[in-house]
Amino acid sequence: MLKKTDRYIYFYIVNDIFQFFRPIPVHCYSGCNNLDMLNFLFPDYRFECITEIHRQWLKEQEIYSILLDVDCTLKYYSSKKVLPDIATWLNRKRDQGFQFCLLSNGRHHRIEKLAEDLDLPFLAPAYKPFPSGCRKAMQMLYLDPQYTVLIGDQIFTDVVAANLAGIRSILVTPLRPQEEPLFARVKRPFERFVLKIYDKKMSNISTQ
């Protein structure tokens, strides 16, 4: 069971930084419009709450392993406990055979206590949006990226990390975002802007 950040994750992060800032060949821009350039900010799926995600839907999407953000996804930021209905959902999905791993940017000691209460493996801090945490969790738990998804409430951390790691993402509506620290709240207006573009893109696809 993965219980703490492996020291080798820092090597992954350094590699991510070099890859992230590596110049993109000019020919890669040809034929791309502004929406295409924003694809790395777009989630694969959206739900109002994690409890709306049902077993049958997960199996239809061939999702069997789930990396979970914690704050504002499973619980209120100021709370030390997962919401009861979400805890029930987690237990039910685990009984149904799905694998879970908490993947949080929160401090190790804070997430460790929550993981112990839920009896789940965890990786914290995960350093999202760098994909290092996603890759390390999958490596340690022997998860197949093809069948793995990351569920979170933030575009610029959770969704981007999943996209860069080559796995799918589910964006949920944040739980009481007004309780978040300032550095998280200032990103919300930009997220709403991105989601407007995303909704426009999805609307165009549905009418084709």
When Leu175 is evaluated against the numbered criteria (1) in a helix (DSSP H, G or I); (2) closer than 27 Å to Arg94 by Cβ; (3) among the hydrophobic types (A, V, I, L, M, F, W, C), which criterion, by number, is the only one it fails? (1)
Look at Asp153 and say whether it is closer than 21 Å to Tyr77 by Cβ, modelled with pLDDT of 95 or more and in contact with a Cys (Cβ under 9 Å, 6 or more places away or on another chain). yes
Hey, could you check the range 61-80 for residues that are of a type outside the set (S, T, N, Q) and loosely packed, with under 14 Cβ neighbours inside 10 Å and say which is farthest from Leu143 (Cα to Cα)? Lys80
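Check Ile197, Ile170 and return the single one that is more than 12 Å from Thr73 (Cβ to Cβ) and either free of Cβ contacts under 8 Å to residues at least 40 places away in the same chain or of a type outside the set (Lys, Arg) (or both).
When all the criteria are applied, what remains is Ile197.
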Restricting to the range 173-184, and then to whatever is more than 16 Å from Lys128 (Cα to Cα) and without any contact (Cβ under 8 Å) to a residue 60 or more places away in the chain, can you tell me which residue is surrounded by the most Cβ atoms within 10 Å (Cβ to Cβ)? Gln178
A careful count of residues in the range 40-52 that are surrounded by fewer than 21 Cβ atoms within 10 Å (Cβ to Cβ) and within 21 Å of Leu120 (Cβ to Cβ) gives 4
Pull out all pairs, ordered by first then second residue, where Cβ-Cβ is under 6 Å, the residues are six or more apart or on different chains, the first lies in the range 38-53 and is free of Cβ contacts under 8 Å to residues at least 40 places away in the same chain, and the second is charged (D, E, K, R) and in a helix (DSSP H, G or I). Thr51/Asp85
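Please give the helices (runs of 4 or more DSSP H) falling wholly within the range 1-116 in which 1 or more residues are at pLDDT 95 or above.
Filter on the range 1-116 gives 55-60, 84-95.
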Please work out which one of (1) touching a residue at least 24 places away in the same chain (Cβ under 8 Å); (2) over 30 Å from Met202 (Cβ atoms) is the condition Tyr142 fails and give its number. (1)
What residue, among those in the range 133-160 that are in a loop (DSSP other than H, G, I, E, B) and surrounded by fewer than 21 Cβ atoms within 10 Å (Cβ to Cβ), is farthest from the chain's Cα centre (by Cα)? Tyr142
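The values are calculated or read from the model by the stated rules, or taken from the named source; none is laboratory data. From a predicted model like this one, the values you see are computed outputs, not experimental measurements. Counting neighbours? That spans all protein chains shown, and the Cβs are built from the backbone with ideal geometry, glycine included.
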